[in-house]
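Encoded as structure tokens, the structure appears first; notes follow it.
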Amino acid sequence: MTNPDVVVIGGGIIGCCCAYYLAKQRLKVAIVEKGSICSEASKSCQGHLFLWELPAINIKLAKASKKLYEQLYNELDIDFELRNTGSMSIAEKPQDLETLQQTLNELRQAGVECQMLSAKEFIKTEPNVTRDISGGASFPEDGQLNPLLTTIALTQAVKKLGADIRHFTEVTGIELSADKSSIVAVETTKGKIGTKYVINAAGAWSGQIGRMVGINIPVVPRRGNLIVTEQVPDNIINCQIIIASGYLDSLKRENKTAVAANVQQTREGNLLLGSSREFAGFDKNVNPEVISLIVKRCIRFFPVLADLHTIRSWAGLRPYSPDMLPIISSSPIEGFYVASGHEGVGITMGPITGKLITQLITKQQLDLPVDQLSVERFAEKQ
Ligand SMILES: Cc1cc2nc3c(=O)[nH]c(=O)nc-3n(C[C@H](O)[C@H](O)[C@H](O)COP(=O)(O)OP(=O)(O)OC[C@H]3O[C@@H](n4cnc5c(N)ncnc54)[C@H](O)[C@@H]3O)c2cc1C
């Protein structure tokens, strides 16, 4: 393909979802990826479809996205392990239970199905949890998938729809029209690609792409470490996703380094132990102190985990936007769109992001209003 209609920069979940919905509208699409497809955050994560991250707009996006995943599960050729698992949150101390109760009140107003659990009720569902908890909550609408398989399934589908995937091709610049109002071409390490539309889906690197056209995108990397265990029976934890209620607190910016127990079991049986948040630039090295803290916190709630073998650990870079809202947006430059800043919910929000970007480009009615998600909210801080 010489002159695609759209160049998608970044072959993570967000870029691949954008490419899929665009290609379905019969646009000629090229994905340009500096590494291989799904080689950054989208392969370094857990697969929780997290439907209870406030504010309300995030919940609307997450719910719409989950519905789209259900459609994709029928449309795509690869089984990407989509499951309705629900999730549970553990309150460690009495004050955590109070905070959780307040959060649930807000979540219910935002339309989230959720239920408080006493310690006794929690232990009845999860016999391996320590007796030393104050209670918790359950979120039956949450789900899970395999992010790597999902991204690969999307890539295979976009190829079938005629899209061009350029691996190991780094975008180094963007050529604008003489009056700098529109897109002319994308410059890469493997030559120039003429196009009218560019989607910046470069995850933690999307600020660098923004600078190529003079648009402020204050997305920065927020590192997360994960540990994977051997495969275990599915009765070590009964609900496949269990998170300490302190997780919500760990999302806050002022926490330079934050760790909260987050135990998830994949369909294959391995446990993924997380989660952590650190601002460490683009450094993807595993932080041994953080790994140790994650393990301690997970064992604190599930002592049985101490007997398991771990296979490996790794770190990935979440694309963090300063107000913890994604950017799903057109821009002052005609043809330049931004799909980034999803932090810890990029897997959750992939399909709705791809669909909204497609609707913006093709000028169709939007499934959800995106004004709050515009990149222009950062313009005055440029
Ligand atoms: C430990 C951890 C756990 C997580 N758990 C969950 C979870 O359970 N649920 C959930 O919803 N989310 C989770 N997330 C968040 C999720 O992984 C991210 O929000 C999501 O993967 C971001 O997708 P992306 O496509 O924007 O970024 P990425 O997957 O990072 O993709 C961006 C791509 O752009 C490419 N790129 C960058 N610059 C250029 C350039 N100049 N030229 C060409 N290509 C370029 C990169 O190589 C990269 O492949 C987790 C993240 C981490 C780190």
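The values are calculated or read from the model by the stated rules, or taken from the named source; none is laboratory data. None of the values given here were measured: they were computed from a predicted structure. No Cβ is skipped: glycine too gets one built from the backbone with ideal geometry, and neighbour counts run over all protein chains shown. Side chains included, ligands, DNA and RNA excluded: accessible areas come from the protein's heavy atoms. Shrake-Rupley method; radii C 1.70, N 1.55, O 1.52, S 1.80 Å.
Just checking, does region 123-130 include any residue being touching a Leu at 6+ places or on another chain (Cβ under 8 Å), assigned by TED's automatic domain parsing to the domain that holds Ala244, surrounded by fewer than 18 Cβ atoms within 10 Å (Cβ to Cβ) and of a type outside the set (Asp, Glu)? Within region 123-130 (the criterion being touching a Leu at 6+ places or on another chain (Cβ under 8 Å), assigned by TED's automatic domain parsing to the domain that holds Ala244, surrounded by fewer than 18 Cβ atoms within 10 Å (Cβ to Cβ) and of a type outside the set (Asp, Glu)), the answer is yes, since at least one residue qualifies.
Put simply, of Leu22, Leu51, Leu68, Leu72 the only residue that is assigned to a loop (DSSP other than H, G, I, E, B), within 16 Å of the ligand (Cβ to nearest atom) and within 28 Å of Gln372 (Cα to Cα) is Leu51.
Counting only strands (runs of 3 or more DSSP E) wholly contained in region 178-286, the ones carrying 1 or more residues that are touching a His at 6+ places or on another chain (Cβ under 8 Å) and not assigned by TED's automatic domain parsing to the domain that holds Asp164 occupy 220-231, 241-244, 257-265.
For Cys45, are the conditions met, namely being touching a Leu at 6+ places or on another chain (Cβ under 7 Å) and either within 11 Å of the ligand (Cβ to nearest atom) or open to solvent by 10 Å² or more (accessible area, probe 1.4 Å) (or both)? Considered against the rule, which asks whether it is touching a Leu at 6+ places or on another chain (Cβ under 7 Å) and either within 11 Å of the ligand (Cβ to nearest atom) or open to solvent by 10 Å² or more (accessible area, probe 1.4 Å) (or both), Cys45 comes out as no. What are the residues in region 206-227 that are open to solvent by 20 Å² or more (accessible area, probe 1.4 Å) and under 20 Å from Lys284 (Cα atoms), if any? Selection gives Gln208, Pro218, Val220.
The single residue among Ile291, Ile357 that is closer than 21 Å to Asp5 by Cβ and either assigned by TED's automatic domain parsing to the domain that holds Ile241 or under 20 Å from the mean Cα position of the chain (by Cα) (or both) turns out to be Ile357. Taking each residue of region 135-149 that is closer than 12 Å to Thr125 by Cβ and free of Cβ contacts under 8 Å to residues at least 60 places away in the same chain and looking for partners that are small (Gly, Ala, Ser) and open to solvent by 20 Å² or more (accessible area, probe 1.4 Å) with beta-carbon atoms closer than 7 Å, six or more apart or interchain, yields Gly135/Ser118; Gly135/Ala119. The set of residues in region 22-33 that are more than 19 Å from the chain's Cα centre (by Cα) and open to solvent by 10 Å² or more (accessible area, probe 1.4 Å) comprises Lys24, Gln25, Arg26, Leu27, Lys28. Can you name every residue in region 80-112 that is part of a strand (DSSP E or B) and either under 17 Å from Asn58 (Cβ atoms) or modelled with pLDDT under 95 (or both)? Once the filter is applied, which keeps residues that are part of a strand (DSSP E or B) and either under 17 Å from Asn58 (Cβ atoms) or modelled with pLDDT under 95 (or both), region 80-112 yields Ser87, Ser89.
Restricting attention to region 269-302, the residues being of a type in the set (Asp, Glu) and under 11 Å from Val259 (Cα atoms) number 2.
Given the residues Arg211, Arg166, which is the only one that is among the basic types (Lys, Arg), within 15 Å of the ligand (Cβ to nearest atom) and within 28 Å of Leu325 (Cβ to Cβ)?
On the way: Arg166 fails: within 28 Å of Leu325 (Cβ to Cβ).
From the options Arg211, Arg166, the qualifying one is Arg211.
Selection within region 331-368: residues that are assigned to a strand (DSSP E or B) and within 22 Å of Ser182 (Cβ to Cβ). The member of this set that is nearest to the ligand (Cβ to nearest atom) is Ser340. Within region 153-173, track down each residue that is surrounded by 17 or more Cβ atoms within 10 Å (Cβ to Cβ), touching a helix residue (DSSP H, G or I) at 6+ places or on another chain (Cβ under 9 Å) and polar (S, T, N, Q). If the condition is that a residue be surrounded by 17 or more Cβ atoms within 10 Å (Cβ to Cβ), touching a helix residue (DSSP H, G or I) at 6+ places or on another chain (Cβ under 9 Å) and polar (S, T, N, Q), then Thr155 is the only one that fits. Can you say whether Leu61 is outside the structural domain of Cys298 (by TED's automatic domain parsing) and not in a loop (DSSP other than H, G, I, E, B), as far as the supplied structure shows? Yes: the conditions hold for Leu61. For region 214-241, what are the residues that are within 14 Å of the ligand (Cβ to nearest atom) and either closer than 21 Å to Ser374 by Cα or touching an Asp or Glu at 6+ places or on another chain (Cβ under 7 Å) (or both)? Residues satisfying the conditions are Ile217, Val219, Val220, Pro221, Arg222, Arg223, Ile241.
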